[in-house]
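Report on one structure; see the data block that follows.
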Amino acid sequence: MLNLFTSSSYNYLILFFFCFLLSNYSKSQDCNFVNFISDTENNIDTILSYDFTVEYENEDLNSESWYQTNSTQFDGIEFTKYVAINLPLCGDGCFQIASVQPQNPILGDNSYEYTDVGFQGDNIVIFTEEQWNTPLPSGDLVGDDSDGDGFILDSSDPISGIQDQYDIPIPENGTSSTFYFIISIDCIDDPVTLFNESEYICQEEVVTYEIEWPSELEISVETTDVLCNGGNTGTAIYTVTGGTPPYDVEDQFDLTSGTYTTTVTDSNDCQAEVTFTIDEPALLEISVETTDVSCNGGSDGSANYTVTGGTPPYDVEDQFDLTSGTYTTTVTDSNACQAEVTFTIDEPDAALQISAITTDVTCNGGNNGEVELIVTGGTNATNTIITGLSAGEYTETY
């Protein structure tokens with residue numbers, strides 16, 4: 001029967017090394033070995049307890065041994081085997097398994113001495129599900145008693161299991177796997193006999209345990225860029241998968257342009273991060289080229305606009321038929337960003353006027369008359385003298 005309990009202190013763990021042929025378990029990171037052994041500030045995740053009954057099974061011990069003469073006093077006694085496991089909490093890396101001897105103080109009131117039930121110690125060999133179900137070169141499976149001696153594992157059995165119980169890699173696919181434990185329990189030695197009974201396995205048990213872990217914690221982000229240059233309308237909407245909820249990340253709003261890194265932490269303190277950039281458009285700007293009114297009081301002024309930056313299209317058009325005055329034009333882009341320009345359309349200071357100073361012809365029929373035209377107002381007006389005129393009426397237009 002399998003029982004589970006947890007513990008907050010785990011000094012004095014007696015750890016056993018396991019042999020292992022790694023096959024599909026290629027995704028691995030180094031685990032923190034020291035913490036698992038002696039760091040009392042951290043907890044072992046789980047201690048498994050397996051209940052068994054003393055059943056001496058080794059036929060290799062002859063009638064002169066303690067095993068045959070005194071073992072009956074222990075037959076049928078119930079005892080418990082303990083195994084400590086640090087689970088893979090973050091969906092990658094590795095986990096650890098260690099045998100806990102029954103006298104370990106970590107067990108509290110559950111501790112006892114192996115000698116109380118006629119044993120000296122134990123050893124555990126752990127197999128993956130694939131190893132357990134893959135035929136050996138002989139054609140037998142790992143769980144078969146290939147030499148018929150009543151035990152799956154002994155010195156004559158060429159079987160290997162997990163090599164490093166501190167760094168058992170998590171499989172790349174899936175979130176659970178079944179592991180098989182072969183527990184070999186050593187006989188206690190009787191110094192009175194000629195045998196070294198401790199070199200023999202008295203009892204063997206096979207148990208399974210399904211280890212589950214969360215999928216790898218991952219975070220992705222969908223961003224919205226800033227609408228207007230210099231604004232703070234950027235957003236970051238996060239999607240978190242894997243790990244163990246709840247997560248300590250929230251969507252972000254009112255972001256300015258820039259590069260951000262967000263870290264998410266799940267309930268097991270596993271972390272993942274994502275880096276992203278919030279962009280913004282170039283500064284929206286508008287400039288104008290003007291043409292002044294040509295005549296005082298006229299309406300032939302114009303404004304031709306040039307818009308840069310922002311996000312096209314723009315809602316501004318060139319203007320014509322303008323009278324003199326000061327104007328302010330605002331351009332709006334497709335993100336409702338705005339820029340404005342102020343300009344003035346000028347006109348000549350006054351209306352164009354012409355006056356004439358004439359000099360008459362001195363003799364009838366002559367042509368020595370002249371006129372001086374005095375021009376005021378308008379733009380760049382100049383006076384003009386016209387000579388060689390005969391008598392008559394004239395019209396001059398500017």
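The values are calculated or read from the model by the stated rules, or taken from the named source; none is laboratory data. The structure displayed is predicted, hence computed values, not measured ones. A quick note on method: Cβ atoms are made from the backbone with ideal geometry, for glycine too, and the neighbour counts reach across all protein chains shown.
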- Query: Among the listed residues PHE95, PHE195, which satisfies the condition of being more than 20 Å from THR80 (Cα to Cα), aromatic (Phe, Trp, Tyr) and not in a strand (DSSP E or B)?
  - Reply: PHE195
- Query: Can you name the residue in segment 353-373 that is assigned to a strand (DSSP E or B) and β-branched (Val, Ile, Thr) and is also farthest from ASN383 (Cα to Cα) among such residues?
  - Reply: THR359
- Note on the structure: Of the listed residues (ASP109, ASP122, ASP140), the one being touching a Lys or Arg at 6+ places or on another chain (Cβ under 8 Å) and closer than 30 Å to VAL54 by Cβ is ASP122
- Message: It is to be established whether one or more residues within segment 202-220 are in a strand (DSSP E or B), acidic (Asp, Glu), within 30 Å of THR178 (Cβ to Cβ) and within 13 Å of the chain's Cα centre (by Cα).
- Response: yes
- Item | Residues that are of a type in the set (A, V, I, L, M) and either within 30 Å of GLU396 (Cβ to Cβ) or surrounded by 12 or more Cβ atoms within 10 Å (Cβ to Cβ) (or both), drawn from segment 320-358 | LEU322, VAL331, ALA339, VAL341, ILE345, ALA350, ALA351, LEU352, ILE354, ALA356, ILE357
- Query: within 30 Å of GLY234 (Cα to Cα) and in contact with a Pro (Cβ under 8 Å, 6 or more places away or on another chain): does that describe CYS295?
  - Reply: no
- Message: Could you check segment 222-232 and list, in sequence order, the residues that are crowded, with 18+ Cβ neighbours inside 10 Å and out of contact with any Cys (no Cβ under 9 Å at 6 or more places or on another chain)?
- Response: VAL226
- Message: Yes or no: segment 193-208 includes at least one residue that is closer than 21 Å to ILE170 by Cβ and polar (S, T, N, Q).
- Response: yes
- Query: Counting only residues that are at pLDDT 85 or above and closer than 15 Å to GLN203 by Cα, how many does segment 117-142 have?
  - Reply: 8
- Query: When both residues are 6+ apart or on different chains and their Cβ atoms are under 8 Å apart, which pairs have a first residue that lies in segment 359-378 and is farther than 16 Å from THR395 by Cα and modelled with pLDDT of 80 or more, and a second that is surrounded by 13 or more Cβ atoms within 10 Å (Cβ to Cβ) and charged (D, E, K, R)?
  - Reply: none
- Within segment 249-256, identify whether any single residue is polar (S, T, N, Q), within 28 Å of ASP45 (Cα to Cα) and surrounded by fewer than 17 Cβ atoms within 10 Å (Cβ to Cβ), and answer yes or no. no
- Message: Looking at GLY243, GLY298, can you tell me which residue is surrounded by 14 or more Cβ atoms within 10 Å (Cβ to Cβ), farther than 30 Å from GLU340 by Cα and of a type outside the set (Val, Ile, Thr)?
- Response: GLY243
- Any chance segment 169-183 includes a residue that's over 21 Å from LEU87 (Cα atoms) and surrounded by 14 or more Cβ atoms within 10 Å (Cβ to Cβ)? no
- Can you tell me which residue within segment 253-290, out of those that are part of a strand (DSSP E or B) and touching a Gly at 6+ places or on another chain (Cβ under 6 Å), is farthest from ASN232 (Cα to Cα)? GLU285
- Item | The one condition in (1) among the hydrophobic types (A, V, I, L, M, F, W, C); (2) assigned to a loop (DSSP other than H, G, I, E, B); (3) closer than 30 Å to THR376 by Cα; (4) in contact with a strand residue (DSSP E or B) (Cβ under 6 Å, 6 or more places away or on another chain) that VAL249 fails to fulfil | (3)
- Filter result (under 23 Å from GLU210 (Cα atoms) and either touching an Asp or Glu at 6+ places or on another chain (Cβ under 9 Å) or surrounded by 17 or more Cβ atoms within 10 Å (Cβ to Cβ) (or both)) within segment 137-157: VAL142, ILE152, LEU153
- Item | Test: residue in segment 64-71 that is modelled with pLDDT of 85 or more and either aromatic (Phe, Trp, Tyr) or farther than 21 Å from PHE179 by Cβ (or both) | no
